[in-house]
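Here's the structure, in structure tokens; my notes come after.
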Amino acid sequence: PIIKEHRDSRPLVDKLVEAGNACDDMVRAERSNALRRRSNVTPLKRSPLTGN
């Protein structure tokens, strides 16, 4: 009986694994894009503080 349950649940497990992998891919792509965008922006030049 337990082997049949395992066999019957296999398609659901496969779908969950696929969904998890797709989610991981999206998160990686978002992080990669954010890092790329951040590296393209040059920091603002700050003028030195003058003592009064």
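Just so you know, all these numbers are worked out from the coordinates, no wet-lab data involved. Nothing here was measured: the structure is a model prediction, and the numbers come from that model. Heads up, the Cβs are rebuilt from the backbone with ideal geometry, glycines too, and the neighbour counts pull from every protein chain shown.
Worth a mention:
- Unit charges on C-beta of K, R, D, E only; dipole of the stretch 1-40, Debye: 280
- Remark: the stretch 1-40 is approximated by an ellipsoid whose semi-axes, taken from the C-alpha gyration tensor as √(5λ), come to 39, 5, 4 Å, largest first.
- Estimated distance in nm for a label pair at ARG36 and ALA19, the labels positioned 7 Å out from Cα along Cα-to-Cβ: 2.9
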